[in-house]
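Visitor: One structure coming up, written as structure tokens, with questions to follow.
No lab work stands behind these numbers, since they all come straight from the coordinates. Because the structure is a prediction, the values reported are computed rather than measured. Here the Cβ is made from the backbone with ideal geometry for all residues, glycine too, and neighbour counts use every protein chain on show.
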There are 2 protein chains.
Amino acid sequence: MDDISPIRAKSGTNQEGTSAHNRRVMIEALRLNGALSRADLARATQLTKQAVSNIIEDLESDGLVVALDSVRKGRGQPSTPYRLVPEGAFAIGLQIDRHLTRAVAVDLVGSVLARAEANLPFDEPSKGVEVILGLVGGVRRELSQIFAQSEERLVGLGVAMPGPFGLKNSDDKWMMPAWQKFPLLETLAKGTGLNVSLQNDAAACATAERIVGAAHGVDHAVCLYVGYGIGAGLILNGELYSGGHGNAGEIGMALLSPAGPGSTPLEHRASLASLYQHLGLNPADDDIYQQLDGLVTAEDPKIMAWIDGAAHDLRWSVHLIETIFDPQTVILTSGAPEALARRLVEAMHPLLPSIADRPGRNLPRLQLGTTDPWSIALGAAAAPISRAFDPRFSAILKTRSSST
Amino acid sequence: MDDISPIRAKSGTNQEGTSAHNRRVMIEALRLNGALSRADLARATQLTKQAVSNIIEDLESDGLVVALDSVRKGRGQPSTPYRLVPEGAFAIGLQIDRHLTRAVAVDLVGSVLARAEANLPFDEPSKGVEVILGLVGGVRRELSQIFAQSEERLVGLGVAMPGPFGLKNSDDKWMMPAWQKFPLLETLAKGTGLNVSLQNDAAACATAERIVGAAHGVDHAVCLYVGYGIGAGLILNGELYSGGHGNAGEIGMALLSPAGPGSTPLEHRASLASLYQHLGLNPADDDIYQQLDGLVTAEDPKIMAWIDGAAHDLRWSVHLIETIFDPQTVILTSGAPEALARRLVEAMHPLLPSIADRPGRNLPRLQLGTTDPWSIALGAAAAPISRAFDPRFSAILKTRSSST
DNA sequence: GCTATTAAGTCAATTCGCTTGACTTAATTA
DNA sequence: TAATTAAGTCAAGCGAATTGACTTAATAGC
């Protein structure tokens, strides 16, 4: 990763970078606003009508946008709105979890077009990779049956798995030690021929919320993910923040519970793993989701007690997140059934007073995000889409040059 | 601040943006590497020699860079290194604290050229502004006596004061309620004719560390500031992160200490305010700094006990910061005498195991940053310099257009 | 129903900063 | 002394946004 040269400097840019940025800005504007005319885009992006016209023409011929029927909205020539073409690009998302793996194919606007899942051997990555490549191949085939040109419009494979990554001693039984050491990304890149990227599951949740959920168009949001583990996905300045080594937001094992005898890690008190333990359930059960849903609907006292305890701890986590990040909103996402997540959010209210408790808010301090169990895989798939099409600083910079 | 149009979109860019970015990249490269030839710059920035030549020529005629003697370093024509001209730009920094205010004038490379301080009426902003404007006027005059052209090269006035800003109920006695309500920035902008920007004191410390200290050239660093209060200044992706409303990192009043009976806010256990209270000292004393220094040198038992307690809490804070941000390094800065800060850092070792405890580190997990009491004012002054000259996403984007 | 007005969008010429490729300059190596 | 290597310049070219005039197509007002 490091440069050969000891000189530290950012990359410069040129007209290509300008053009790439402006294309991305158009795409993002259409993603956030639905459909816009060239004139709308010109006003919104501060570019001239002519520049917008040229870019839209390009995007249209690339099959990324399409014109709708013209609309009259008062005096003047009617405008022709453009919208994104969902089948303009596709990506594959892969969730690798402790007990199973899921693959999805999504389009440019984040709709899931194909999905598949399988059990995964916890400690045998080399065998697991076979399973994974089979799944990926399956959704790719399914996708190409729906859209013949999907293969040439595939922008990448996004992988989400529990972090943290790249540590010295991966002996924590909660993690997946064998998988941590396996050269997964390289193997998948070779096996699929796609660009592969990695994020942890909380980051994937945040990415999913950003493309189709509550963080859509929000520049500062923190996504608190309550799954088998607990993590935070950080949207800062409109981009996912991953830290120096891709492990930002791995808050599960940090002590966030202020009270309670002998300060327990948050993950031991508010994760689904702690819930399974509390209830004496086996997380590997096929119908675990239904079991939980049933218990919540029945208002089972044991699960209600856990909700109260977890909500207490999570309340403090939200307070801490607000204090540290000063986000516009906090989004709680979960792998749990929606009824459970909703109860949890309700039990977290009233929230603790914090700097987020300010005049003129336009977003709620805490929102319930998606609880679809497939949202991590969706977020994984959204990462390559975002990298390819969203405006970002690094997309403007030059990457190589002949250095004449 | 909000757009009139309901359309949400990022700004586009054009050749002006390209050029502005490339100029900034050159300046940053020279700042980080000392002196570089045009060929060096071309390699480092990925631009062509010709492009670099043109930009350097521009910067030279703007008085921002200057050529040094050419050096032979092997075969080929000798290269002509360029370096930044310190007097190419100036900025004024202003620290407003509970008991006093400080103003400094700095140049492009962050050297302090003039300084002044004064006491400040805690609860009378309208009178205080008079004092402040007097101080600023003083350092400006002093500066212009050293460099006649300083006025036309002044890029702004940076203000640092204890946050958080813009809250509903500013009734916390630790804050400065009267000042929070006063339209300070507007008044200062009118009174000085300069662009005014605001950050909290921890952010200012981080800005100072970035321009001349331990965070120089580091893209992911967290600056833990132990002053009258406690805060964190966040350098993320090479830029100061301020959150959605400028209050990111205000961790002092968040509960970060896991242990201890009845979980006390970090600020009540590890700030200098808590130390003064512990020692029964008056922070308004003129020689408070010397008093502390003396006590540390004498290894006074009471101060040693406080150090142990504070170190215990701060150790957890560092762990939490590492877990949440995954930074390359954590920098402890303080308004305390260096001997005290050094003791504190020593007492914090050994650090708690964390994800930062990884193979292949090249920076220490925890470093002692500057303990110069003027560093907040320096950081305040560095903010306008950074905004004017450092590469950043927002500097590329268009700001207005005739919208023809 | 006619005309003025307003707004969307196009056309063609221009501008501006980076790129390209050949060239010059000035050192070291053999 | 000649070959080689690297820094840096020259001049033409390119590409994407800009500019300003123009066209198109609607509504508003008389």
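Visitor: Could you check what % of the DSSP bridge pairs in chain A are antiparallel, to the nearest 5?
Guide: Around 60 percent antiparallel, to the nearest 5.
Visitor: Check which residues have an amide H placed less than 5 Å from B:Tyr225's amide H, if you skip close sequence neighbours.
Guide: Hits under the 5 Å cutoff: B:Gly231, B:Ala232, B:Gly233, B:Thr333.
Visitor: Sticking with this structure for a sec: Read phi for every residue in the stretch A:47-60 and hand back ³J(HN,Hα) as whole Hz from Karplus 6.51 cos²θ - 1.76 cosθ + 1.60, θ = phi - 60°, with x for Gly and Pro.
Guide: 8, 7, 3, 4, 4, 4, 4, 4, 5, 4, 4, 4, 4, 5
Visitor: Also, I was wondering about something else. Taking H placed 1.01 Å from N in the peptide plane, check which residues at least 5 places from B:Ala114 or on another chain put their amide H under 5 Å from its amide H.
Guide: B:Ala105
Visitor: Going by C-beta contacts inside 10 Å, put B:Ile146, A:Ile230 in order with the fewest on the left.
Guide: Sorted ascending by nearby Cβ count, the order is B:Ile146, A:Ile230.
Visitor: When you have a sec, figure out the Kirkwood radius of the stretch B:342-404 from all distinct Cα pair distances and drop it here in Å to one decimal?
Guide: 16.4 Å
Visitor: Which pairs in the list B:Lys190/B:Lys398; B:Lys127/B:Lys190; A:Lys10/A:Lys398 are over 20 Å apart, alpha-carbon to alpha-carbon?
Guide: In this structure, B:Lys190/B:Lys398 exceed 20 Å between Cα atoms.
Visitor: In whole Hz, with x marking every Gly and Pro, tabulate ³J(HN,Hα) for the stretch A:211-220 from phi via Karplus 6.51 cos²θ - 1.76 cosθ + 1.60, θ = phi - 60°.
Guide: Values per residue, Gly and Pro as x: 7, 9, x, 6, 9, 4, x, 9, 8, 10 Hz.
Visitor: Which whole-number percent gives the relative contact order of the stretch A:6-58, counting Cα pairs below 8 Å spaced six or more residues apart?
Guide: 28 percent
Visitor: Could you work out the mean count of beta carbons from other protein chains within 10 Å of each residue's beta carbon in B:214-224?
Guide: 1
Visitor: With only alpha-carbon atoms counted, please give the Rg and Dmax of the stretch B:1-158, in Å.
Guide: 20.8, 68
Visitor: Can you pull out the GluC sites (Glu not before Pro) in the stretch A:274-375 whose DSSP state is coil and whose Cβ has at most 15 other Cβ atoms within 10 Å?
Guide: Sparse-neighbourhood loop GluC sites (Glu not before Pro): A:Glu299.
Visitor: State the volume of the convex hull built on the alpha-carbon positions of the protein assembly as shown, expressed per residue in Å³ and rounded to an integer.
Guide: Cα convex hull per residue, to the nearest whole number: 188 Å³.
Visitor: For a quick check: with amide H placed at 1.01 Å from N, whose amide H comes under 5 Å from B:Val65's, ignoring anything fewer than 5 positions away on the same chain?
Guide: So B:Val65 has HN proximity to B:Glu60, B:Val85.
Visitor: Still on this structure, I have one more. Convert 37 °C to kelvin, take the viscosity as 0.692 mPa s, use the Kirkwood radius over C-alpha pairs of chain B as Rh, and evaluate the Stokes-Einstein diffusion coefficient in µm²/s, rounded to a whole number.
Guide: My calculation gives 144 µm²/s for D.
Visitor: In whole Å, what are the extents of the stretch B:128-171 along the principal axes defined by its C-alpha atoms, from largest to smallest?
Guide: The Cα atoms of the stretch B:128-171 stretch 46, 20, 12 Å along their principal axes.
Visitor: A further question follows. I need the phi-derived Karplus couplings for the stretch B:7-15: 6.51 cos²θ - 1.76 cosθ + 1.60, θ = phi - 60°, integer Hz, Gly and Pro marked x.
Guide: 6, 9, 6, 7, 7, x, 9, 8, 4
Visitor: Rounded to the nearest 5, what % of DSSP beta bridges with both residues in the stretch B:214-369 are antiparallel?
Guide: In the stretch B:214-369, approximately 50 percent of DSSP beta bridges are antiparallel ones.
Visitor: Need one value for A:350-361: mean number of C-beta atoms belonging to other chains within 10 Å of its residues' C-beta atoms.
Guide: Whole-number average of other-chain Cβ neighbours for A:350-361 is 4.
Visitor: Also, I was wondering about something else. List the extent of the Cα atoms of the stretch B:247-404 along each of their three principal axes, largest first, rounded to whole Å.
Guide: 72, 43, 33
Visitor: May I pose another question? What share of Cα pairs, in percent, lie more than 16 angstrom apart in the stretch B:15-84?
Guide: Distances greater than 16 Å cover 42 percent of the Cα pairs.
Visitor: Got the relative contact order for chain B handy, in percent, Cα pairs under 8 Å and 6 or more residues apart?
Guide: 18 percent
Visitor: Which chymotrypsin sites (Phe, Trp or Tyr not before Pro) in the stretch A:332-404 pass both tests, a DSSP loop state and at most 16 other beta-carbon atoms within 10 Å?
Guide: Hits after loop and neighbour filter: nothing returned.
Visitor: When you look at the Cβ of every residue in B:79-92, what mean number of other chain Cβ atoms sits within 10 Å?
Guide: 0
Visitor: Which translational diffusion coefficient, to the nearest whole µm²/s, is obtained for the stretch B:225-320 from the Stokes-Einstein equation, given a Kirkwood hydrodynamic radius over C-alpha pairs, 25 °C and 0.890 mPa s?
Guide: 168 µm²/s
Visitor: Turning to a different aspect of this structure: Can you tell me what share of the DSSP beta bridges in the protein assembly as shown is antiparallel? A percent to the nearest 5 is fine.
Guide: Roughly 60 percent of the beta bridges in the protein assembly as shown run antiparallel, per DSSP.
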